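S.K.: Sharing a structure below in structure tokens format, with a few things to ask.
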Amino acid sequence: GDHRCVLFAQVYRVGSLYYLVFSQVVLGIGSATLGVTRAYVAEITATRQRTTYIAALTAVQYGGFTVTPIFGALFSYLLEDKRYYVGFFVFDQFSAAAYFMASLCIATLFLLLTGFQARYRTQPTGKGKKSQRRMEQDEVANRVTFAGITVYNAALLGCMLLNVSTKGSIGSFETMGISFAESHFGLRPAVAGTIVSINGLVGVSSLLSMGYLGKLLTDIQMIIGGITVCAIGIISFASLQSVEMGAENSIVHYIIGIFMIYGVGYPIGHTAVIGLFSKVVGRRPQGTLQGWFASAGSLARILFPVMSGYIAQYDDITTVFIVLFVNLVISNIFVAMSSRTLNALSQ
């Protein structure tokens, strides 16, 4: 990851749009480690504890993309209209954040090499007798649905679609959120980014508390609850008029909406989806399926913002919020209708 960040840091020096695209592609390839880390956690944890540990992993990742923009804003403020040369490297408001991330990648690589040990799946020596619960679970999993696929495969596909729905919705909101804050609340990008980052910290706290939530709620309940809160936060912005049209929207409304989306709804709902998917996979090897799961989420983060951009261009940004709300409501209906089967497969 360190060399990819260094490549991105040279964008300003090279001054080519093609190089920018190339560096972004290389960065994207590096994000493939996301599925690997989830598979590692899923392989070494017991089923009943899996959502808690995946939540702890997600807390670090979520903190990365919601909190670290504070550092980007800090570098931009400190190095505005300044540039320093250290040999081949150029430090300015555009490249400093990339070098900062490269240093974090180097530290992570050191920890991987010195502190982590590979864990290998051990094959059972005998054919051991299956428990009654396991036989009932297998019986449910092997049923064939009307679509001609097994219930197990349908559940995996459903969890991936949930991942697409939640990841795509937050990806669209991230893309539009800052410009919306500027156009409808009159907030400067730095202020809006700070509000998002602070609520990202709240989201990290929500993730770290999922061990406690898991004792009170099932994964299904956390998914439905989290998606509901996120959907309400998004639709609350749909009726607002822009500042250009004379509207005086309260910043408190923006803070509460962002809190519902970034602080509570998305982190809890989406992480519960990850935990449910891992539990449905069960004792089967997690690596490949977690890779597909992560890829589906990454594809959603590309397609949903593109869709939102077209809607905002030809209609209005508030229409985007209505579309995202409907998408999340449909997702919740699917989870509610499938809850009995998903609970049975995730035990």
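S.K.: Expressed as a whole percentage, what fraction of the accessible surface of the chain belongs to carbon and sulfur atoms when a 1.4 Å probe is rolled over the protein heavy atoms?
M.R.: The nonpolar share, carbon plus sulfur, comes to 66 percent.
S.K.: For the stretch 137-220, calculate the relative contact order in percent as a whole number, restricting contacts to Cα pairs under 8 Å that are 6 or more residues apart. Write out the running numbers ahead of the final one.
M.R.: Numbers: 26 pairs, mean separation 9.1, N = 84.
Relative contact order here is 11 percent.
S.K.: If you fit an axis through the alpha-carbon atoms of helix 219-235 and take the longest principal axis of the Cα set of the chain, what angle between them do you get, 0 to 90°, nearest 10?
M.R.: Tilt relative to the chain: about 30 degrees.
S.K.: Pairing the Cα long axis of helix 151-185 with the longest principal axis of the chain, what angle in degrees results, from 0 to 90 and rounded to the nearest 10?
M.R.: Roughly 20 degrees between the two axes.
S.K.: Run lengths n ≥ 4 of DSSP H only: what is the helix-derived mean residue ellipticity at 222 nm for the chain, with -39500 (n - 2.57) per run over all residues, to the nearest 500?
M.R.: Taking each H run of at least 4 residues, the total per residue is -25000 deg cm²/dmol.
S.K.: FRET efficiency for VAL60 and THR194, Cβ-Cβ distance as r, R0 = 25 Å, nearest 0.05?
M.R.: Between VAL60 and THR194 the formula returns 0.75.
S.K.: Normalised by the number of residues in the chain, what is the relative contact order in percent for Cα pairs under 8 Å and 6+ residues apart?
M.R.: Relative contact order, the chain: 27 percent.
S.K.: Angle check, please: helix 17-30 long axis (alpha carbons) against the longest principal axis of the chain (alpha carbons), in degrees 0 to 90, nearest 10.
M.R.: Once rounded, the angle reads 30 degrees.
S.K.: Next question, about the same structure. Note down the nm distance, to one decimal, between modelled labels 7 Å out along Cα→Cβ at VAL14 and at ILE255.
M.R.: Rounded to a tenth, the inter-label distance reads 4.2 nm.
S.K.: What stretch of the chain, leaving out the sites themselves, is the longest with no trypsin sites (Lys or Arg not before Pro) in a DSSP loop having at most 16 other Cβ atoms within 10 Å?
M.R.: Excluding the exposed sites themselves, the longest stretch runs over 144-282.
S.K.: Expressed in nm to one decimal, what extension gain is obtained for the pair VAL25 and THR145 from 0.36 nm per residue of sequence separation less their Cα-Cα distance?
M.R.: On the way: separation 120, 0.36 × 120 = 43.20 nm, distance 3.85 nm.
Result for the pair: 39.4 nm of gain on full extension.
S.K.: Quickly work out the ILE302-to-VAL36 label distance, labels modelled 7 Å from Cα along the C-beta direction, and quote it in nm with one decimal.
M.R.: 2.0
S.K.: Would you kindly state how much longer the chain becomes between VAL86 and ARG284 on full extension, computed as 0.36 nm times their sequence separation minus their alpha carbon distance, in nm to one decimal?
M.R.: Details: separation 198, 0.36 × 198 = 71.28 nm, distance 5.02 nm.
Residue separation times 0.36 nm, minus the Cα-Cα distance, leaves 66.3 nm.
S.K.: Say each of GLU244 and ILE44 gets a label point 7 Å from the Cα, pointing the same way as Cα to Cβ; how far apart are those two points in nm?
M.R.: 5.3
S.K.: Under 10 Å, Cα contacts only: if you run a Gaussian network model on the chain, which one of VAL21, VAL41, VAL320 comes out with the highest mean-square fluctuation?
M.R.: Result for the chain, Cα springs under 10 Å: VAL21 fluctuates most.
The values are calculated or read from the model by the stated rules, or taken from the named source; none is laboratory data. Since the model is a prediction, treat every value here as computed from it, not as a measurement. Cβ atoms come from the backbone with ideal geometry, glycine included; neighbour counts cover every protein chain shown. Note: accessible area is taken over every heavy atom of the protein model, side chains too, but ligands, DNA and RNA are not part of it. Shrake-Rupley method; radii C 1.70, N 1.55, O 1.52, S 1.80 Å.
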